[in-house]
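Notes follow once the structure below has been shown.
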Amino acid sequence: MTMIANPKVSGFVPVWAPFKGFSLLFDNPGDNYSKVNGYPELEKIDCRGGSPELAFYQTLWDVSREAGELACSYLFCALPLHSYHVTVWDGLNDFNVRRLPDRARLEAEQWLRSLPASFDSRNPLLTVPDGEPIGIRIEPIEFEYDCLEKWNNSSIVARLKPTDSHAEVVLKGIEKARERLNGVFEQRFGFPTAVPQYRPHVSIGYLANKQLGEKAEEAVQRLHTQLAPAISGRRLRFATIGMYGMSDMETFFRRACYEKRLQTFASRSGSNELS
């Protein structure tokens, strides 16, 4: 079934709903950040076309934005290139905050409503028990494309896999650090905020209707068939992991000085540890 039948209409422009929270993300390489209006201490992810270090993202975007079948028949809403990122661990957000005990929930809900103004790594919500900001230190890691998948009939993601045995070791360390961090939050709030199994990926967009999304599997596989040869040989390299806030699915921001501090930590430790 084709949702668009008017020859004067070729697609839809998504309007992203507010969705606030914080997560740990791999810091995108290069100068791919821009200032957040009204908040000089913050900068947001702003992947730029033509950045050589983000050629993987560029190819992914170039192919996925041509997914006319998914957009017209299954209400696929492609994320913009500037928002591309790889999540490491999910913290509190508008979805899971409801699971907090009443007093903690009210405080967390107020903090979420106040983002980005409330984003401060010294906030107790963003620290481990010793008061240090939440973080994971890593050695540099490289990923390559694995496959395209539809998750829960609501999102389409490009799965990533480590490029070599060294990257596999680094990934194992990240997985263990995620487990420890989930344990900290489970002890503190009664539940782990991130899913137990880590599946590195780049979200390329969302399906606006789950019923239509359920029927989109073959279209997703056709897009994978186009994408796999185009992105072969492209790699994503990350050296650090940072703390980010978000206000919707295309807007992720961090403290402007955060990357430099983490790079210093990484160069000193070269290990997978909670900050």
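Pairs of alpha-carbon atoms within less than 8 angstrom and 6+ residues apart define the contacts here; what relative contact order does the stretch 21-270 have, in percent?
About 34 percent, as a whole number.
Roughly how far apart, in whole Å, are the Cα centres of the stretch 197-226 and the stretch 37-93?
15 Å
Which whole-Hz ³J(HN,Hα) couplings does the stretch 30-36 yield from phi under the Karplus relation 6.51 cos²θ - 1.76 cosθ + 1.60, θ = phi - 60°, glycine and proline marked x?
Calculated HN-Hα couplings, in order: x, 8, 10, 9, 9, 5, 9 Hz.
For Arg159 and Arg105, FRET efficiency with R0 = 41 Å and r from the beta-carbon atoms, rounded to 0.05?
Numbers: r = 33 Å, r/R0 = 0.81.
Efficiency for this residue pair is about 0.80.
For Lys161, list the aspartates and glutamates whose Cα falls under 20 Å from its own Cα; do not include residues on the same chain fewer than 8 positions away.
Once the sequence-local aspartates and glutamates are set aside, what remains near Lys161 is Asp27, Glu53, Asp90, Glu139, Glu142, Glu144, Asp146, Glu149, Glu175, Glu179.
If you place +1 on the Cβ of every Lys and Arg and -1 on the Cβ of every Asp and Glu, how big does the dipole about the Cα centre of the chain come out, in debye to the nearest 20? Walk me through the numbers before you get to the answer.
Details: 33 positive and 34 negative charges, 64 e Å.
Around 300 debye, computed over the chain.
With a sphere of radius 12 Å drawn around the Cβ of His224, what net charge do the other residues whose Cβ falls strictly inside it have (Lys, Arg +1; Asp, Glu -1)?
-1
Cβ under 13 Å from Tyr206's Cβ, Tyr206 left aside: what net charge do those residues give with Lys, Arg +1 and Asp, Glu -1?
Value of the local net charge: 0.
Report the one residue of Gly135, Ile231, Cys147 whose Cα lies farthest in the direction of the positive end of the charge dipole of the stretch 21-270 (charges on C-beta: Lys and Arg +1, Asp and Glu -1; origin at the Cα centre).
Highest projection toward the positive end goes to Gly135.
Apply the Karplus parameterisation 6.51 cos²θ - 1.76 cosθ + 1.60, with θ equal to phi minus 60°, to every residue of the stretch 145-154 and state each ³J(HN,Hα) to the nearest whole Hz, in sequence, with x for glycine and proline.
5, 10, 6, 9, 9, 9, 10, 6, 6, 10
With n ≥ 4 as the cut-off for DSSP H runs, can you work out [θ] at 222 nm for the chain, using -39500 (n - 2.57) per run divided by the number of residues, rounded to the nearest 500?
-9500 deg cm²/dmol
Starting from the Cα of Ala256, move 7 Å in the Cα-to-Cβ direction to define the label point; list residues of the stretch 42-74 whose amide nitrogen is under 20 Å from there.
42-48
Normalise the Cα radius of gyration of the chain by 2.2 N^0.38 Å (N = residues in it) and let me know the number.
In units of the globular-protein estimate, the chain measures up at 1.02.
May I ask which residue of Trp61, Trp111, Val15 lies farthest towards the positive end of the charge dipole of the chain, with charges of +1 (Lys, Arg) and -1 (Asp, Glu) on Cβ and the Cα centre as origin?
With unit charges placed on the Cβ atoms, the residue in question is Trp111.
Sorted by mean Cβ packing within 10 Å, highest first, what order do the peptides 217-223, 131-137, 83-89 take?
Per-residue Cβ counts within 10 Å, averaged per peptide and sorted highest first, yield 83-89, 131-137, 217-223.
Within the set Lys172/Lys210; Lys150/Lys172; Lys35/Lys172; Lys35/Lys215; Lys44/Lys172, which residue pairs have Cα atoms separated by over 30 Å? Present the calculation step by step, with values, prior to reporting the outcome.
On the way: Lys172/Lys210 33 Å; Lys150/Lys172 24 Å; Lys35/Lys172 34 Å; Lys35/Lys215 40 Å; Lys44/Lys172 28 Å.
Those over the limit are Lys172/Lys210; Lys35/Lys172; Lys35/Lys215.
Roughly speaking, what % of Cα-Cα pairs in the stretch 84-226 are separated by over 24 Å, rounded to a whole number?
The calculated P(r) of the stretch 84-226 puts 46 percent of pairs beyond 24 Å.
What distance in nm lies between label points placed 7 Å from Cα along the C-beta direction at Val15 and Arg113?
2.3 nm
What's the exposure ranking of Tyr33, Tyr57, going from fewest to most Cβ atoms within 10 Å?
Values: Tyr33 20, Tyr57 27.
Starting with the residue having the fewest Cβ neighbours, the order is Tyr33, Tyr57.
Every number in this text was worked out from the coordinates using simple rules, so none of it is lab data. In this text the structure is predicted, and so the values were computed from the model without any measurement. Counting neighbours? That spans all protein chains shown, and the Cβs are built from the backbone with ideal geometry, glycine included.
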